[in-house]
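Below is one structure, written out as structure tokens; the observations come after it.
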């Protein structure tokens, strides 16, 4: 999976990494930054998604599609497709451009709109990556966990970098008898939960 990443995907990853680094250096306001995962987080997510049980792969919070590129590698490896939810049209436009330039349009369905309204219809989820507005994490968690298959995974980003804001949701997840969970110190921290039944 990592040894044969297509050049078009590598090129788009590098492009998005450069934009992200520039925006952070320039002090671009958070609401206008790409807000993407680190490369090591991307690799971690791809490994998790590739090893997930049978079922759907979803992403909540597409941004410009950087994490989607990593998840698409797992989809290509396992013969699956990814459904990615993005609420902001300007980010969705960037994501569509990412998918086109990287040649992964056949692997990704981009859904623009409020994910919370659509998630109840997404049963049979094997893997979910959550990287959206932090104040909505608990609501997304509650919407996704009942729809996870046995052994299905939910990975939520920023569990360390935004621990202060996410602590109630993290505690809820770590004490939820439906899942086994822990915080993994990769990138900005990943809350990783595995559905028990």
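Taking the criterion of being surrounded by fewer than 18 Cβ atoms within 10 Å (Cβ to Cβ), over 15 Å from the mean Cα position of the chain (by Cα) and either assigned to a helix (DSSP H, G or I) or modelled with pLDDT of 95 or more (or both), the residues of the stretch 52-94 that qualify are 53, 54, 77, 78, 79, 89, 90, 93. Output the number of the condition that residue 35 fails; it satisfies all remaining conditions of (1) within 12 Å of the chain's Cα centre (by Cα); (2) within 22 Å of residue 136 (Cα to Cα); (3) surrounded by 23 or more Cβ atoms within 10 Å (Cβ to Cβ). Every listed condition holds for residue 35 apart from (3). Scanning the stretch 161-197 for residues that are at pLDDT below 95 and within 25 Å of residue 149 (Cβ to Cβ) yields one hit, 197. For the stretch 101-128, a residue qualifies if it is surrounded by fewer than 13 Cβ atoms within 10 Å (Cβ to Cβ) and assigned to a helix (DSSP H, G or I), and the qualifying residues are 117, 120, 121. Among residues of the stretch 129-160 being surrounded by fewer than 17 Cβ atoms within 10 Å (Cβ to Cβ) and modelled with pLDDT of 95 or more, the one that is nearest to residue 48 (Cα to Cα) is 151. For the stretch 1-14, a residue qualifies if it is more than 19 Å from the chain's Cα centre (by Cα) and either assigned to a helix (DSSP H, G or I) or modelled with pLDDT under 95 (or both), and the qualifying residues are 7, 8, 11.
The values are calculated or read from the model by the stated rules, or taken from the named source; none is laboratory data. In this text the structure is predicted, and so the values were computed from the model without any measurement. Here Cβ is always computed from backbone atoms with ideal geometry, including for glycine, and neighbour counts include all displayed protein chains.
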